[in-house]
Amino acid sequence: MSEQISALMDGELGTAEANPLLATIRENKALRQDWNDYHLIGDVLRQTVISPTDLADKISVRLKSEPTVLAPHKFAPRKREFIALSVAASFAAVALVALSSLKFSAIDDAPDNLAAQSNLSSNTSVASQSNPSINEYLVAHQEFSPGTALLANSNFAQVTYTKQQDKAR
Amino acid sequence: MGDREIDQQLVERAQQGDKHAFELLVAKYQRKLGRMLSRFIRDQAEIEDVTQEAFIKAYRALPSFRGESAFYTWLYRIGINTAKNYLVALGRRAPTSTEIISEDAEGYEEGELLRDNSTPETELMTKQIAMTVNAAMDSLPEELRTAITLREIDGMSYEDIANIMNCPIGTVRSRIFRARETIAERLRPLLGTSKDKRW
């Protein structure tokens, strides 16, 4: 056990070995004395010693009259969990926004495809011809639409599409 | 587990109410802190009082220690403040901020062994401890003396020592331990901590 203490002091024990050993040293007076002696030897060899008095005993006596310190627990794993969740949520939000933008820019970039599928281009012109007052209203209020210009356009397109469908019926 | 991790482990135990864990930190750092305080306070008895006070303050402040700096760096700051307050209370000159800043807690190099104004008794005891350790070192077999010197004075890792001494790491570990134990055996009667007196 003393040899392990010696290695522990030198930072040469792994955590798995060091943690239980530290617990044992704390509970065992003889091992605590080894810990003290080995540190004293190191200090003497490095010429640190200025006092032969072992203050550890005096401080130990004073500590007994001190109220026990109880620091709030650190919830490190929870903190890590929280950070991981935050990062995941951020990525999800970014991905969602990016996906939405891509979706609408795809609509914007490929008007031919969209027109081919739904005749939207012609529908829009049909709508403007069929009901110019609504069209003007929608254009005038485009800036108040909740999303980007793309989104506003898409809403407008949806309205005209519905009207066209009604017309077809 | 490195030095800082060991300290952190002990601090966390102490923060959960384990006073023995804090005592291990006291045993480890009392001389280093006392040596640092001796730069500001001349009297040996006063140094001991301030050292004790600094440790007690550190203990009380443990809940606020979050491990952002090394334990000794934190303790060092408490020690400096305790010394300043002590000197101010006595109407003596406290260390200036320049003196404090120029001091590097982490890389603090040890120098003098003893102040001139120690009492004859403490000086004698200190000399006896130093002489006993030195005599024990001289009596060590060469391989033990080299191993502990490379570790304690040169601060080398076991791996480096093993390379230098051309032996397995396990042998280095064993040699350093045997060296420490041999010296400790010689010291214990002087310190009154012989193994037969511990139980």
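If you check B:Leu144 against the conditions, is it more than 8 Å from chain A (Cβ to nearest Cβ), under 19 Å from the mean Cα position of the chain (by Cα) and in a helix (DSSP H, G or I)? When the stated conditions are applied, B:Leu144 does not pass them. Looking at the structure I just gave you, is B:Ala45 hydrophobic (A, V, I, L, M, F, W, C) and modelled with pLDDT of 90 or more? Taking the combined requirement at face value, the residue does not satisfy it. Candidates B:Tyr76, B:Tyr29: the one that is closer than 24 Å to A:Ala7 by Cα and either without any contact (Cβ under 8 Å) to a residue 24 or more places away in the chain or more than 7 Å from chain A (Cβ to nearest Cβ) (or both) is B:Tyr29. Listed conditions (1) open to solvent by less than 30 Å² (accessible area, probe 1.4 Å); (2) in a helix (DSSP H, G or I) are all met by A:Leu13, apart from (2). Within segment B:127-161, restricting attention to residues that are among the small types (Gly, Ala, Ser) and under 17 Å from A:Asp37 (Cα atoms), the residue that is surrounded by the fewest Cβ atoms within 10 Å (Cβ to Cβ) is B:Ala135. Here is a check on your reading of the model: is A:Gln47 in a loop (DSSP other than H, G, I, E, B) and either within 7 Å of chain B (Cβ to nearest Cβ) or in contact (Cβ under 8 Å) with a residue 24 or more places away in the chain (or both)? The answer is yes for A:Gln47. Residue check: A:Gly42 meets all listed conditions (1) at pLDDT 90 or above; (2) small (Gly, Ala, Ser); (3) open to solvent by 20 Å² or more (accessible area, probe 1.4 Å) but one, namely (3). Summed over segment B:68-85, residues that are under 18 Å from B:Ala21 (Cβ atoms) and not in a loop (DSSP other than H, G, I, E, B) total 5.
Residues checked against (1) touching a Leu at 6+ places or on another chain (Cβ under 7 Å); (2) under 25 Å from A:Gly14 (Cβ atoms); (3) facing chain A (nearest Cβ under 9 Å); (4) surrounded by fewer than 20 Cβ atoms within 10 Å (Cβ to Cβ):
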{"site": "B:Gly2", "(1), (2), (3), (4)": "no, yes, yes, yes"}
{"site": "B:Ala21", "(1), (2), (3), (4)": "yes, yes, yes, no"}
{"site": "B:Asp43", "(1), (2), (3), (4)": "no, no, no, yes"}
{"site": "B:Glu46", "(1), (2), (3), (4)": "no, no, no, yes"}
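Of the residues making up segment B:86-109, not one is in a helix (DSSP H, G or I), under 14 Å from B:Val50 (Cα atoms) and at pLDDT below 80.
The values are calculated or read from the model by the stated rules, or taken from the named source; none is laboratory data. Keep in mind it's a predicted model, so treat the numbers as computed, not measured. Neighbour counts run over all protein chains shown; Cβ positions are idealised from the backbone, glycine included. Each accessible area value is taken on the protein alone, full model and side chains, heavy atoms only, with ligands, DNA and RNA left out. Shrake-Rupley method; radii C 1.70, N 1.55, O 1.52, S 1.80 Å.
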